[in-house]
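Step one of this worksheet: look at the structure below.
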Amino acid sequence: MSNSKRIPTDGGSSLTQNPFAALSSIGLPATAEKSTAARNDSLTNVPTKLQKNRGRVDIKRTTAHRGGKTVTLVTGFVGIGLPEREILAKKMQKTCGTGGTVKDGNIEIQGDQREKVATILAEAGFRPVMAGG
């Protein structure tokens with residue numbers, strides 16, 4: 001019917017030259033699995049007590065602009081980066097059994113989970129304060 005060439009799907013011949021051979025001499029890990037596993041291990045371990053007092057954080061319950069759904073909002077983080085906030089959010093989600101996210105530097109957890117969130121933040125060395133409704 002058509003005169004187009006067909007591309008073989010049997011795997012074809014193997015490469016004659018390894019395109020990544022030059023990378024091994026600069027000290028990169030041999031496989032991506034090892035570096036991914038190491039990164040995942042570091043993300044699952046939340047530092048429990050890095051400092052005695054890492055500052056005040058506000059825990060709010062809000063429904064604004066969420067279609068009437070209640071959300072626990074943690075704000076006021078000072079001195080920690082986005083990766084640590086994501087780690088804390090992941091731990092809060094797991095403990096509360098709900099979803100959540102990090103938006104605009106704040107942690108949002110679905111539902112009214114203020115007590116559980118306060119416990120996690122206190123363990124991490126923060127001073128949680130219930131603010132608002």
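Every number in this text was worked out from the coordinates using simple rules, so none of it is lab data. Note that this is a predicted model, so its numbers are computed, not measured. In this analysis, Cβ positions are derived from the backbone assuming ideal geometry, glycine residues included, and neighbour counts consider all displayed protein chains.
Taken over the range 93-127, the criterion of being surrounded by fewer than 17 Cβ atoms within 10 Å (Cβ to Cβ), part of a helix (DSSP H, G or I) and of a type in the set (Gly, Ala, Ser) is satisfied by Ala122 alone. Within the range 92-111, being out of contact with any helix residue (DSSP H, G or I) (no Cβ under 6 Å at 6 or more places or on another chain) and under 19 Å from Val78 (Cα atoms) holds for Thr101, Lys103, Asp104, Gly105, Asn106, Glu108.
Cβ-Cβ distances below 8 Å connect the following pairs, each with a first residue in the range 97-123 that is touching a residue at least 60 places away in the same chain (Cβ under 8 Å), a second residue that is assigned to a strand (DSSP E or B) and crowded, with 18+ Cβ neighbours inside 10 Å, and a separation of six or more residues or different chains: Leu121/Val57; Leu121/Ile59; Leu121/Val74; Leu121/Pro128.
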